[in-house]
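Novice: Below are the structure tokens for one structure; questions will follow.
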Amino acid sequence: MFLTPFFLIAAGVGATVPLVLHLMQNRKKVHLPFPTLRFLKLAEKHSSRKMRLENFLLWLLRTLIMALLGMAFAMPMIRKSGLGWLGDAPRDVAIVLDASYSMGYHTERGTVWDKGVESAVAIIEGLSDKDRFCIFLAREQPEALVAEPVSNKQEGIARLRALQPGQTTSRLGPAITAAMRALLKADTRREREIHIITDSQALPWQSLATEKAEVDAKTAFFVSLLGVAAPENAGVSSIELQPPVVRKGSDVKLTAKLLRTGTAADTTLSLFINDKEAGRRSIAANDPEAAAPSFTLPALDVGVHAARIQTPDDNLPIDNAFYFLIRVQAQMPSLVVGNESETLFLRTALRTGFGRANALVSVTHEQITDKPLSAYACVILCNALPLPGQAIAAIESYVKTGGVLVVFPGMGANPEAYQAWNCLPGMPTAIEDLPLSQRNRTLTWDQPQHLLVRTLREGIGIPALAIRRRLAFGKLHQTAQRIVSMGANQPFLIERPFGDGHVLMFAVSADRTWSDFPLSPFFLPLLVQCADYGAGVGASAPFEWATDSLSLTERFPEMKGAPTLSAPDGQPVSVRSSVVDGRTVLNAENLTMPGFYPMATAEQPEGRPAFAVNLPRDESDLTPVADKEIPKQLGAKQTVVATDLAMLRELIAEHRIGRTYGEHLLWLAFILTVIEFIYANMLARGKMGGAEKVKVDAAGHVETHAPKHVEV
Amino acid sequence: MASDPQPKAKARAKTEEKEGISAFLNPAEMHKLGRLVLLSRYTVEGNLAGAHRSPLRGPSSEFADHKSYGIGDETKHIDWRVFARTDKYFIKRYEDETNLRVYFALDRSASMGYASGDGPTKFEFACHLMAALGYVIVKARDSVGLFLHAEKVDVRLDAANSFQHLNNMLKHVQQHPPSEGTDIAKTLHEIAGTIRRRALVIVISDLLGDEAAIVKALAHLRKQRHDVLVFQTLDPAEIDLTFKKPCELHDLETGEHLPVNPRGLADEYRKVFGAFLEQYKKACAGMNIDYRLVPTDQPLESFVRAYLEERRRLSR
């Protein structure tokens, strides 16, 4: 297509000008006498091919220049892809709109989401009556707003305008694949375009690295990156409570993980507990610990406390608050099972370690079934075996639901007595009396980072024990691990997770009959750690990530009856009931709104916060994507990237109608003119390295010799 | 671009008005040339006593050798000092000194009538050169002769030692402008056969013929023990092909026409023509022939002066 095709005639005429001039030049040739033509003929014979080539090149250059000038003024319109006549062909257009919460980023002119919707509307409005469109939303899973190509623009635009930005992350790969399939399914003879509208965030593109989108080579891709070039955002991505279970009166440390995008700047974190500010941290931009600031929780009453960490208002407000629950429990005692003499050191250690007399309850093994085990932080068996089957079942059930069992052996039970247990980390094979020469043992930490021993090593030095007798173990259970050893392949303390709880087993007894372990400096702290460890194992998570479904039965096993769950905005949350393996299982659905979800039961009709839900914080990382990487990531040849609506319109026009290359042709003609000028001058002046002129001195001596290889 | 080498009316008219030596040399030029001398590098045989070495023994002051005394020898030539030493009679002999006989072999082929631009034709330049050298020769009391040739020897004048003779020679030259054909080799052979005694033969030509044959003819001259001098007179345009625009050239001798684009051809032409000149240069050097290229744009007087000075130095 040409804007001014009249100039094509000029191009044609212009192209013949050099030839005409050449012919006219030949006609006007001057006739001159010359002494002899012999040498001219020889020279012509030698250089005729070269001359013909030079003349041809000159003619070609001049013809090209004239033709290009004519064509440049004719203003050719060329489409980047496809043929020119396809500019009017009907097309199917798919719009993939990023619906992640990062699209809620505020810019000078509204949010990115608003700009995205406007772009999508503009794309639809720019379609002709023959064109069709479909709309897909890129979320965690793609969602079809208009699943199949339709022509009804008004309805599509209305649906778009009714949309709100999502509160999840997004993956572009599956959404592009869904759009591609919809286009290919509709009609493969039409021209196809996929418009991807997103912010400039790199995250949604990362899904393409692991899950390639289905891309058709004939489909044109228009990517609108509507986010700002250098976004800034700060938010808490996660928190951690230490210890995980908060006991009334105990010191609890809260560590927040801070996620920042953009240029480093000072920020402030505020901790709110029950809507009252409980702490504040100012974080300098260059603070090396800025990524994980910590708070010390104030003294809290027993119960569930709604807490949040707030960052200052920024352009992405949705992630400024991080919600969590602090469940403060009353102090729980440990249950020590064994006779008085054998548990003497143990009781003393626990009472001393926790600083209170009610830190433990001591019973004999006959009394164990009388006690409800769930009221204890841990159960410690001191030479308490063998136990009746009913007691074993009760203890194993206790461990399964999150309890901790600590087993100290003794002479009361032979190795066969352990066979009745299913939860032990290793099955004893013998009680071994050690010779005098092997009694002195140095303990080694096999799992130095284990919660039990992580803080134990500091200040104690190398623990050395005199061990007279030990429990020898066979092969440990496959899920068991050795935490402390007293020599090669001789475990001292082993652990096995069982259900939601753990079983710890020592190789020596808790009294002095087997070793001097009760007298060693790390007996007390190790026992205290065991009791604390038991308290932490059953701790529930302080927050949940936004999800479509969450099991209430798992979170609240003691709950009876159907609860009433409310969303942060007060709307009721659907609780679905189903029967699995004969048990009734309750699942809360659509916990996607960040905030606290109060739950009311028959026992507690007033309701209490059951969950603190946060949006996945991956989306808070607004690190921008590199424009140049997008075509590679998409794997589509016809990919253009626009950064605003005006640029998108221009690119669409270029694709559909084409763009004029008149200016390019003018530049090309100019370059060829320069080349022609240089080349023609070079030929006129003789080339470098050409034959030198014959020089003759005053006395007639010829000074310059001609090349010898020329035949005359 | 070189203009059409038509005879320049004024210059030609000036030459044609006068006859003989005055048409080529003015008094000032003659005065300057009068101080120069053309010496032969080899022995020559002349008629008269002169300044040049002769193969014969004669009355001069240059001792040549001794000879045993024989009957008929004059006793006054006996070297008594040798007799005193050897008790034998020896006669002292001296080199004979004779005058120089110089023959000009002047080419008047059609190609010699070429001139580019305002300069003289090659023939005019050759005539000037001959006049200047002739004047120097006659002034030194040596003899000059002429072979004016094209396809054959058209004018032959024996060597004589007089300005009148030189004048006659130049008049003949004026009366015979460049003609159509050329056969330099043949005419040089003819000249070699004609000149009986050792002489200096000056060939003035553009040598645009069969190089091998011409070289053979020059060798013939050398075999006759003549001192040979070759002045190749060429036009600058002919040497470098200095035309700029495409033109159609026609051969002055054959009348052939050839359209050429000198711009594209110049480099290759120079190579070919350079090789052609090189052949003569080498061949002449091999035969001890003094070969000089004389472009017609070269100032004649300075050329003659430079050449004779150099030759005088070499002859000592």
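Laboratory data are not the source of any read-out in this text; all were calculated from the coordinates shown. The structure presented is a predicted model; accordingly, all values stated were derived computationally and were not measured. A quick note on method: Cβ atoms are made from the backbone with ideal geometry, for glycine too, and the neighbour counts reach across all protein chains shown.
Novice: When only Cα pairs under 8 Å and 6 or more residues apart are kept, what is the percent relative contact order across segment B:81-161?
Specialist: Taking the mean separation of contacting Cα pairs over the length of segment B:81-161, I get 32 percent.
Novice: Over all residues in B:126-139, what is the mean tally of Cβ atoms on other chains that come within 10 Å of each residue's Cβ?
Specialist: 0
Novice: Residues in segment A:637-651 near a label at A:E663, defined as backbone nitrogen under 16 Å from the 7 Å Cα→Cβ point?
Specialist: Within reach of a label on A:E663: A:647, A:650-651.
Novice: Please report A:Y101, A:Y323 as a ranked list, fewest other C-beta atoms within 10 angstrom at the top and most at the bottom.
Specialist: Arranged by neighbour count, lowest to highest, A:Y101, A:Y323 become A:Y101, A:Y323.
Novice: What list of ³J(HN,Hα) couplings, whole Hz, do you get for segment A:153-161 from phi and the Karplus terms 6.51, -1.76, 1.60, once you set θ to phi - 60° and write x for glycine and proline?
Specialist: 5, 4, 5, x, 5, 4, 5, 5, 5
Novice: Determine ³J(HN,Hα), in whole Hz, for all residues of segment A:588-599 in sequence, where each value follows from phi through the Karplus function 6.51 cos²θ - 1.76 cosθ + 1.60 and θ = phi - 60°; x replaces Gly and Pro.
Specialist: 7, 10, 6, 8, 10, 8, x, x, 9, 10, x, 10
Novice: Using label points projected 7 Å from each Cα along Cα→Cβ, tell me how many nm separate B:M287 and B:D118, to one decimal.
Specialist: Going from the B:M287 label point to the B:D118 one covers 3.9 nm.
Novice: To the nearest 0.05, what FRET efficiency results for A:R189 and A:A230 with a Förster distance of 56 Å applied to their C-beta separation?
Specialist: The calculated FRET efficiency here is 0.80.
Novice: May I ask for the net charge around A:A202, where only other residues with Cβ less than 14 Å from the Cβ of A:A202 are counted and Lys, Arg are +1 while Asp, Glu are -1?
Specialist: -4
Novice: May I ask you to list the aspartates and glutamates whose Cα is less than 13 Å away from that of A:K50, ignoring any residue fewer than eight positions away on the same chain?
Specialist: Hits, sequence-local ones excluded: B:D267, B:E268.
Novice: Can I ask one more? Quick check on the exposure proxy: order A:W113, A:W545, A:W445 from fewest to most C-beta atoms within 10 angstrom.
Specialist: The most exposed by this proxy come first: A:W545, A:W445, A:W113.
Novice: Sticking with this one: How big is the antiparallel share of DSSP beta bridges in chain A, given as a percent to the nearest 5?
Specialist: 65 percent
Novice: A further question on this structure: I need A:S119, A:S102, A:S485, A:S549 ordered by Cβ neighbour count within 10 Å, fewest first.
Specialist: Ordered from fewest to most neighbouring Cβ atoms within 10 Å, A:S119, A:S102, A:S485, A:S549 come out as A:S549, A:S485, A:S119, A:S102.
Novice: Excluding residues on the same chain fewer than 8 positions from B:K67, give the aspartates and glutamates whose Cα lies under 16 Å from its Cα.
Specialist: Result set, ordered by chain and number: B:D79, B:D87, B:E95, B:D96.
Novice: Something else: Going by amide H atoms built from the backbone, whose H comes under 5 Å of the H on A:L335, apart from near neighbours?
Specialist: The list, which skips near neighbours in sequence, is A:V361, A:A377, A:C378, A:V379, A:I380.
Novice: Still on this structure: Amide H of A:G487: which non-local residues (sequence gap of 5 or more, or other chain) have their own amide H closer than 5 Å, using H built in the peptide plane?
Specialist: A:T444
Novice: May I ask you to compute the full-extension gain from A:E125 to A:E108, defined as 0.36 nm times their residue separation minus their alpha-carbon distance, rounded to one decimal in nm?
Specialist: Gain on stretching A:E125 to A:E108: 3.6 nm.
Novice: Considering only C-alpha atoms, what is the centroid distance from segment A:395-454 to segment B:239-263, in Å?
Specialist: If we compute the Cα centre of each part, the gap is 116 Å.
Novice: Taking beta carbons within 10 Å but only from partner chains, what does the mean come to for residues A:46-52?
Specialist: Shielding by partners across A:46-52 averages 4.
Novice: What whole number of Å gives the distance from the Cα centroid of segment A:5-62 to the Cα centroid of segment B:146-170?
Specialist: After rounding, the separation between the Cα centres reads 50 Å.
Novice: Select from segment A:326-414 those GluC sites (Glu not before Pro) which occupy a DSSP coil region and have at most 14 other Cβ atoms within 10 Å, ordered by residue number.
Specialist: A:E340
Novice: Pairing the Cα long axis of helix A:344-354 with the longest principal axis of chain A, what angle in degrees results, from 0 to 90 and rounded to the nearest 10?
Specialist: Once rounded, the angle reads 50 degrees.
Novice: Same structure, new question: Expressed in nm to one decimal, what extension gain is obtained for the pair A:T364 and A:S341 from 0.36 nm per residue of sequence separation less their Cα-Cα distance?
Specialist: Length gained, A:T364 through A:S341: 7.1 nm.
Novice: Averaging sequence separations of C-alpha pairs under 8 Å and six or more residues apart, then dividing by the length of segment A:140-212, give the relative contact order as a whole percent.
Specialist: 42 percent
Novice: Next question, about the same structure. In this model, which of B:K122/B:K271; A:K45/A:K695; A:K212/A:K637 are farther than 18 Å apart at the alpha-carbon?
Specialist: Too far apart for the 18 Å limit: B:K122/B:K271; A:K45/A:K695.
Novice: Let me ask something else. Considering the dipole of the protein assembly as shown built from charges on the beta carbon (Lys and Arg +1, Asp and Glu -1) around the Cα centre, which of B:Q298, A:V30, B:Y135 is farthest to its positive end?
Specialist: Value computed over the given set: B:Y135.
Novice: Nearest 20 debye, what's the magnitude of the dipole of the protein assembly as shown about its Cα centre given +1 on Lys and Arg Cβ and -1 on Asp and Glu Cβ?
Specialist: Dipole size: approximately 4660 debye.
Novice: May I ask for the angle, rounded to the nearest 10°, between helix A:389-400 and the longest principal axis of chain A, with both axes built from Cα atoms and the value confined to 0 to 90°?
Specialist: Helix A:389-400 sits at roughly 30 degrees to that axis.
Novice: While we're looking at this one, here's another question. Looking at segment B:198-315, send over the antiparallel percent of its DSSP beta bridges, to the nearest 5.
Specialist: Here the share of antiparallel DSSP bridges comes out near 25 percent.
Novice: With a cap of 12 neighbouring Cβ atoms within 10 Å, and only residues DSSP puts in a loop, list the GluC sites (Glu not before Pro) found in segment B:272-316.
Specialist: none
Novice: How tilted is helix A:112-125 with respect to the longest principal axis of chain A? Cα atoms for both, answer in degrees (0 to 90, nearest 10).
Specialist: 50 degrees
Novice: Moving on. Summing Lys, Arg as +1 and Asp, Glu as -1, what charge do residues with Cβ under 15 Å from the Cβ of A:I467 carry, A:I467 excluded?
Specialist: Value of the local net charge: +2.
Novice: Can you tell me, using C-alpha contacts under 8 Å and at least 6 residues apart, the relative contact order of segment B:174-257 as a whole percent?
Specialist: Relative contact order, segment B:174-257: 33 percent.
Novice: So, one more: Pairs A:K693/B:K216; A:K218/A:K632; B:K171/B:K216; A:K41/B:K244: which exceed 20 Å Cα-Cα?
Specialist: Beyond 20 Å between Cα atoms: A:K693/B:K216; B:K171/B:K216.
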